[in-house]
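Asker: Dumping the structure here so I can ask a few things about it.
Any read-out appearing in this document is the output of simple, stated calculations on the displayed coordinates, not a laboratory observation. Note that the structure is a prediction, hence the values are computed from the model and not measured. Cβ placement follows ideal geometry from the backbone for every residue including glycine, while neighbour counts extend to all protein chains displayed.
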Amino acid sequence: MAKLYFYYSAMNAGKSTNLLQSSFNYRERGMDTMLFTADIDDRVEVGKIDSRLGIDASSLLFSFKTDLFEVIKTELTVRALHCILLDEAQFLTKKHVFQLAKVADELGLPVLCYGLRTDFQACLFEGSKWLLAIADELVELKTICTCGSKATMNLRMDESGKAVREGASIEIGGNERYIALCRKHFMEKLAEIDA
């Protein structure tokens with residue numbers, strides 16, 4: 001039976017690298033994959049999954065309106081697929097997550113989703129919330145805080161490097177806007193705002 005997987009972490013844990021490696025492994029064995037990423041992620045190039053290690057791959061885009069089940073089902077009429085891989089899974093909607101579960105359950109394809117668990121305010125993203133609720137397998141990818149402990153939180157910073165507490169949940173950015181921290185140091189940085 002195919003499964004729905006959610007690989008989650010704080011920023012800079014290698015989610016995209018892991019996804020690209022998984023796709024490579026399938027392709028190396030003669031199996032085809034289908035890659036997706038969020039249309040709002042324009043950090044490097046729209047329609048590309050890019051790793052900080054310098055590897056990338058072209059991908060299809062999903063938006064709030066995309067019916068992932070129908071896109072994948074249609075693609076199966078023109079080629080055999082063996083795995084679906086999706087980056088930036090935190091930007092999925094509840095509807096998307098249930099469509100991906102249907103891909104695993106009805107089309108028999110494993111679906112590997114990679115994304116952040118929480119935003120900079122320690123709130124679950126919609127896609128992450130529903131993947132945590134219904135995915136068959138949950139896998140935490142680990143990265144480290146500046147202190148060497150496991151980082152689980154994403155701190156948003158302003159232009160001067162100070163912690164930010166308020167703002168929209170979704171703001172695309174990389175190392176210039178976010179840093180992964182352990183909970184203790186995340187809370188300390190937020191407390192500095194109030195001091």
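Asker: Percentage of Cα-Cα pair distances in the chain greater than 31 Å, rounded to whole percent? Walk me through the numbers on the way to the answer.
Answerer: Numbers: 3398 of 18915 pairs.
So the pairs more than 31 Å apart make up 18 percent of the total in the chain.
Asker: While we're looking at this one, here's another question. Of the candidates F120, F64, F91, which one comes out as most mobile in a Gaussian network treatment of the chain with C-alpha springs shorter than 10 Å?
Answerer: F64
Asker: Given the Cα-Cα distance of L141 and D32 and 0.36 nm per residue of separation, how much length would full extension add, in nm?
Answerer: Numbers: separation 109, 0.36 × 109 = 39.24 nm, distance 2.44 nm.
Full extension of this stretch gives 36.8 nm more.
Asker: First obtain the Kirkwood hydrodynamic radius of region 20-107 from its Cα pairs, then insert it into the Stokes-Einstein equation at 20 °C and 1.002 mPa s, and state the resulting D in µm² per second as a whole number.
Answerer: Values: Rh = 13.6 Å.
It comes out at roughly 158 µm²/s.
Asker: Once you keep just the Cα pairs under 8 angstrom separated by 6 or more residues, what percentage relative contact order results for region 4-142? Present the calculation step by step, with values, prior to reporting the outcome.
Answerer: Numbers: 261 pairs, mean separation 51.2, N = 139.
That works out to 37 percent.
Asker: Please report the antiparallel percentage of DSSP beta bridges with both residues in region 62-195, rounded to the nearest 5.
Answerer: Details: 8 of 11 bridges.
So the antiparallel bridges in region 62-195 amount to around 75 percent.
Asker: Same structure again: Antiparallel versus total DSSP beta bridges in region 4-142: what percent is that, nearest 5? Write out the running numbers ahead of the final one.
Answerer: Values: 4 of 24 bridges.
Roughly 15 percent of the DSSP beta bridges within region 4-142 come out antiparallel.
Asker: Still on this structure, please answer the following. Pick from G108, G127, G161: which is most flexible by mean-square fluctuation in a GNM of the chain where alpha carbon atoms under 10 Å apart are linked?
Answerer: G161
Asker: Order of S149, S59, S16 from fewest to most other C-beta atoms within 10 Å? Intermediate results must be reported in sequence, preceding the final value.
Answerer: Working: S149 13, S59 24, S16 21.
With the sparsest Cβ surroundings first, the list reads S149, S16, S59.
Asker: I need M1, M157 ordered by Cβ neighbour count within 10 Å, fewest first.
Answerer: Numbers: M1 7, M157 17.
So the ranking, lowest neighbour count to highest, is M1, M157.
Asker: Once every DSSP H run of n ≥ 4 in the chain is given -39500 (n - 2.57) and the sum is divided by its residues, what mean residue ellipticity at 222 nm do you get, rounded to the nearest 500 deg cm²/dmol? If you can, show how the numbers build up before the last one.
Answerer: Values: 5 runs with 57 residues, N = 195.
My calculation for the chain gives -9000 deg cm²/dmol from helical runs alone.
Asker: I've got another one for you. What distance in nm separates the simple spin-label points at S149 and K184, each placed 7 Å from Cα in the Cβ direction?
Answerer: Distance between the two pseudo-spin positions: 0.4 nm.
Asker: Measure nothing but the geometry: give the 0 to 90° angle between the long axis through the Cα atoms of 15-28 and the longest principal axis through the Cα atoms of the chain, rounded to 10°.
Answerer: The helix 15-28 is inclined about 20 degrees to the chain.
Asker: Still on this structure, please answer the following. Grab the Cα-Cα distance for Q121 and F64, subtract it from 0.36 nm times how many residues apart they are, and report the gain in nm with one decimal.
Answerer: Result for the pair: 18.3 nm of gain on full extension.
Asker: Of the residues A80, A122, A101, which exhibits the maximal mean-square fluctuation in a Gaussian network model of the chain defined by a 10 Å Cα contact cut-off?
Answerer: A80
Asker: Follow-up. Report the gain in length on full extension from R52 to R79: 0.36 nm times residue separation, minus Cα-Cα distance, nm rounded to one decimal. Don't skip to the end; give the middle numbers.
Answerer: Numbers: separation 27, 0.36 × 27 = 9.72 nm, distance 3.05 nm.
Result for the pair: 6.7 nm of gain on full extension.
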